[in-house]
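The values are calculated or read from the model by the stated rules, or taken from the named source; none is laboratory data. Keep in mind that this is a model prediction, so the values were computed, not measured. Here the Cβ positions follow ideal geometry from the backbone for every residue, glycine too, while neighbour counts run over all protein chains shown.
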Amino acid sequence: MAETNTRLGRLGQDAVRLLRPLWPLVAGSSAIGAASGLATAAVLAKVNTAIHAEGGLPENFLPIFLGLVVLGVGGSLVSGLGSSLAGGRINATLNRDLADLILTAPLSRIERLGRHRVLASLNEDAGTLSRVIGLLSGLIIQIGVLTGCLAYLLTLSPPLFAITAIGFGLGSYGEAVLRRRAMVHFRTRRTLVETQQKHYQTLTEGCRELRLNKVRRLRVRNEALAGCIESLRRNAWTTQTLFEFSYLIKKLALFATIAAIIAYKALVGIDNAVLSGFVLVLLYVETPVSYILACLPEIGRAQVAYGRIAEFSADRDMAEPDLLTPAIPPASTGIDTIELRGVSHTFPSVDGGPAFTLGPVDLTLRRGEILFIVGENGSGKTTLIKLILGLYPPQTGTLLLDGVPVTGETRDAYRQHFSAVFFDYTLFDDLVMPAGLGARAGDAYLEKLDLAHKVAIRDGAFSTTDLSAGQRKRLALIQASLEGRPVLVLDEWAAEQDPTFRRLFYADLLPALKREGRTLVVISHDDRYFDAADRVIHLDDGRMTEAPGGVPARAEPSYFGSA
């Protein structure tokens, strides 16, 4: 319950934030839409009066009738256009906000949610919220019509209005019960959509492996994906059935109310004009009631979608206020030390398995040194570099830059001292280079890494990234090096290189970067090149030990020359 209240509170805050810049447009469109609805209800009242008038049409009936029609139709048009304009702007803001939430969410949360959850939110949740925004104009108008009709019925006969209110109340209660059950299925559907997204990722990212293994290919198609699609079909059928029955309940309540009014006339007696007015209005309000009911499934989906989007900002205590502020070059391009004092990071248990803890780690990195991090898979190497990079905040202990603790307010500025090529890296088309570093520096790297015949740098971007795995990894290294950051972190960079480029990396590239004053942190399994490091630390099940200092790099022919 507390979580629900918190989520509703955030929903209210977000709604106010979205509407505040547009409140004159939204308020004006809503008022005109409501007036249009009331005018439509007044038209019904005038028609009922004209039907029972004696001696022809009432005085001034025609101009009043035409005026109400113009107000009803014209108001609907103006309200629709205004709501469409406001909805488009709100939709754009929602999409920007969703991108910002993903950009600013803690990395650990993005990793826990999984890529398929993120993609599902981008593809599914944003679209769901946009569709609901598109329904608002019509919803406001129909609510205005319904309100005006009910007000007219109250003026006609309070007793009959009470009967109507009871009938509508019972119908609304039955509809609400079914709608609550439908919401459960909406949440299940959202989980199934995420699972389907994950299976689609398998089809695209694992297409080569699936071509090689028919058993796995058919298992993915006939069991995993087909089962998910069938579950989605059943879920959609069940949900729609619940809403169809809710619509049936409303319709039965409407006709039961009309029957009760006719029975009241037979038992108590009422004026025919009053009776026809009630019947006419009740039959007419079936349209706005149907529209409102048709909006309820989308509103239900929007509630679930908002809850999924809110998960990206769940760890608000880990928020960093400067992530989206304009980039400012660091005051100093050089750093002397990076220190981890008693730093640890724990991953919670998954599916009942044991939790994994790295640390506590005490480690100092110094300017211009080469540090190798080695260890078995799963020993914590990648977690350690994420702590060094500031991608994970320490759960215990302190991270310091030149003796100054790194805080939530300074963490993003701290990260700007690093470039990295991760094992599962992303290669961007464009280059981000410091001022004064021209394309010639990039051309030199391309030449040295044997890519100049395939790639050029034009207008601050690579001409192509459509290369082999090893060539793309070399291009990623060029991209990171050209950023000019004082610390370069490389996660198993040499794993996809042939022996020639592997030797070049350890024997020439690392020493050349060191001579430039760079600090280098390298995850490696190449034990034959460990003597290229100044220091080697070993991780075993989250515990760190340090090996004796390294030896200067092997005396191999240099591809880079002296710095």
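Odds and ends about this structure:
- Any hit, region 499-508, residues being within 27 Å of Thr383 (Cβ to Cβ) and surrounded by 21 or more Cβ atoms within 10 Å (Cβ to Cβ): yes
- Pair list, Cβ under 6 Å, 6 or more apart: region 114-137 residue outside any helix (DSSP H, G or I), other residue of a type in the set (S, T, N, Q) and buried (at least 20 other Cβ atoms within 10 Å of the Cβ): none
- Tally of residues being at pLDDT below 80 and either exposed (fewer than 13 other Cβ atoms within 10 Å of the Cβ) or over 21 Å from the mean Cα position of the chain (by Cα) (or both) across region 180-215: 11
- Restricting Thr426, Thr407 to residues that are under 27 Å from the mean Cα position of the chain (by Cα), part of a loop (DSSP other than H, G, I, E, B), β-branched (Val, Ile, Thr) and more than 26 Å from Glu496 (Cβ to Cβ) narrows the list to Thr407.
- Looking at Arg472, Arg503, just one residue is more than 32 Å from the chain's Cα centre (by Cα), part of a helix (DSSP H, G or I), over 25 Å from Val361 (Cβ atoms) and not aromatic (Phe, Trp, Tyr), and that residue is Arg503.
- Here Arg233 qualifies as under 30 Å from Thr195 (Cα atoms), at pLDDT 85 or above, out of contact with any Pro (no Cβ under 9 Å at 6 or more places or on another chain) and charged (D, E, K, R).
- Some residue of region 305-314 being surrounded by 19 or more Cβ atoms within 10 Å (Cβ to Cβ), touching a Gly at 6+ places or on another chain (Cβ under 9 Å) and assigned to a helix (DSSP H, G or I): yes
- Selection status of Leu218, part of a helix (DSSP H, G or I) and either modelled with pLDDT under 80 or crowded, with 16+ Cβ neighbours inside 10 Å (or both): no
- Yes/no for Glu244 being acidic (Asp, Glu), assigned to a helix (DSSP H, G or I) and surrounded by fewer than 18 Cβ atoms within 10 Å (Cβ to Cβ): yes
- A count restricted to region 414-432 and to residues that are surrounded by 17 or more Cβ atoms within 10 Å (Cβ to Cβ) and among the hydrophobic types (A, V, I, L, M, F, W, C) stands at 5.
- Qualifying residue in region 18-29 (condition: at pLDDT below 70 and either surrounded by fewer than 15 Cβ atoms within 10 Å (Cβ to Cβ) or within 24 Å of Ala305 (Cβ to Cβ) (or both)): yes
- Residue within region 359-370 that is at pLDDT below 90, surrounded by 19 or more Cβ atoms within 10 Å (Cβ to Cβ) and touching a His at 6+ places or on another chain (Cβ under 9 Å) present: yes
- The residue pairs whose first member lies in region 516-541 and is touching a residue at least 12 places away in the same chain (Cβ under 8 Å), whose second member is part of a loop (DSSP other than H, G, I, E, B) and of a type in the set (Ser, Thr, Tyr), and whose beta carbons are closer than 7 Å, counting only pairs six or more residues apart or on different chains, are Leu539/Ser379; Asp540/Ser379; Asp541/Ser379.
- Lone qualifier among Glu320, Glu339 - being at pLDDT below 75 and not aromatic (Phe, Trp, Tyr): Glu320
- Taken over region 247-292, the criterion of being of a type in the set (D, E, K, R) and either buried (at least 17 other Cβ atoms within 10 Å of the Cβ) or in a helix (DSSP H, G or I) (or both) is satisfied by Lys250, Lys251, Lys265, Glu286.
- If you go through region 216-227 and keep only what is over 30 Å from the mean Cα position of the chain (by Cα) and of a type in the set (A, V, I, L, M, F, W, C), you end up with just Leu218.
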